Amino acid sequence: MTESAARVLLVDDDPLVRSGLQLMLGGNSAIEVVAEVDDGDAVLAAVDLHHPDVVLMDIRMNNVDGIAATRLLRGQPSPPAVLILTTFDADDLVLSALRAGASGFLLKSSPPEDIVRAITTVASGESWLSPTIARQLIGLVAAGPQVDDAASARLASLSPREREVADAVGQGISNQEIAQQLHMSVATVKAHVSRLLEKLEVDNRVQIALLIQGSADGS
């Protein structure tokens, strides 16, 4: 394995899914599968032991589901990124998982190259939302409650430039694309995103996107 390989923990209650992922990811030099567990109740111990960069998390499991496990994990110091891997492409459980702190999600039916790209993307600190999934999330946000007064106040506190970056993050595009679109360096984009996470009091880029979508739907 190369030093830059993303360390991955697999969390799924189906042994066939875990075996398939092991086979698919095992031959890719950009990824190292460091461990696998079959339920959300084993995630914290596995993370403490193996120090993954990314947790590839199923949603529906027997004892502790992926939403609860994500919430527990994101409450730990310096947690790894969580990438939801699910069979449900229009399920409000996915939205709940993202609000719990997941960095994105993809479907188990996704092509292997998309799964690899999603893992390496969230390992680098960005989010993974395909256009199809983003449209479904927008629909779920529109059907649910809008941002509360406190969140609206935090959005209103952004400078015009910060709001431009936040709106671009809400479109699900990468730092490189934001830099090109807004004519700034990638380093400057990263600095803006870090400030956005702090000012909006959220954990990751997906939650910025959910706030932006919620405020747009409520406007």
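Any read-out appearing in this document is the output of simple, stated calculations on the displayed coordinates, not a laboratory observation. As the structure is a prediction and not an experimental result, all values here were calculated from the model. Here Cβ is always computed from backbone atoms with ideal geometry, including for glycine, and neighbour counts include all displayed protein chains.
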With a Förster radius of 30 Å, plug the Cβ-Cβ distance of Asp41 and Ser110 into 1/(1 + (r/R0)^6) and report the FRET value to the nearest 0.05.
0.70
Spin-label point model (7 Å from Cα, Cβ direction): what's the Asn62 to Leu49 distance in nm?
1.8
Take peptides 186-196, 49-59, 167-177 and line them up by average Cβ neighbours within 10 Å, highest first, as a rough protection proxy.
49-59, 167-177, 186-196
Glu177 paired with Asp14, simple spin-label distance in nm, labels 7 Å along Cα-to-beta-carbon
2.9
Rounded to the nearest 0.05, what FRET efficiency do Gln22 and Ala187 give with R0 = 35 Å and r taken as the Cβ-Cβ distance? Could you check?
0.45
If each part is reduced to its alpha-carbon centroid, region 32-59 and region 148-202 end up apart, in Å, by 30
What list do you get for Glu164, Glu198 if you sort them by fewest beta carbons within 10 Å?
Glu198, Glu164
If Met61, Met184 are placed from fewest to most neighbouring beta carbons inside 10 Å, the sequence is Met184, Met61
Plugging the Cβ-Cβ distance of Thr87 and Glu201 into 1/(1 + (r/R0)^6) at R0 = 41 Å yields, to the nearest 0.05, a FRET efficiency of 0.80
